[in-house]
Amino acid sequence: MDVKHCIESGLLDKFAKNQTNVEDTKMIENLLLESEELGEALEEILTRLENENFPYEKPIL
């Protein structure tokens, strides 16, 4: 799976909300280590969730 798919499919959004399964979580964590673009997208999602007062815990990386 590539970075673009993670972002466009909503998978990264689910990851930010701790709603992904173990396989997807591991895959995204590995991609985050390699992709600055994915990290920036995750930061944007977390900021949006914070602004929406979404009750979530930030993913541990």
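Values as computed for the structure displayed
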read-out: Tabulated pairs, segment 1-27, first closer than 16 Å to Phe54 by Cα and touching a residue at least 12 places away in the same chain (Cβ under 8 Å), second in a helix (DSSP H, G or I) and among the small types (Gly, Ala, Ser), C-beta under 9 angstrom, 6+ apart or interchain; value: Leu12/Ala41
read-out: Residue match in segment 9-21 (condition: modelled with pLDDT of 90 or more, surrounded by fewer than 11 Cβ atoms within 10 Å (Cβ to Cβ), over 9 Å from the mean Cα position of the chain (by Cα) and not in a loop (DSSP other than H, G, I, E, B)); value: no
read-out: Qualifying positions in segment 19-53 - of a type in the set (A, V, I, L, M, F, W, C) and farther than 13 Å from Lys4 by Cα; value: Val22, Met27, Leu33, Ile45, Leu46, Leu49
read-out: Residue in segment 42-55 that is surrounded by 10 or more Cβ atoms within 10 Å (Cβ to Cβ) and either modelled with pLDDT of 95 or more or touching a Ser or Thr at 6+ places or on another chain (Cβ under 9 Å) (or both) present; value: no
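The values are calculated or read from the model by the stated rules, or taken from the named source; none is laboratory data. If you're wondering where the values come from, they're calculated on a predicted model, not measured in any experiment. Every residue, glycine as well, gets a Cβ built from its backbone with ideal geometry; the counts of neighbours run over all protein chains shown.
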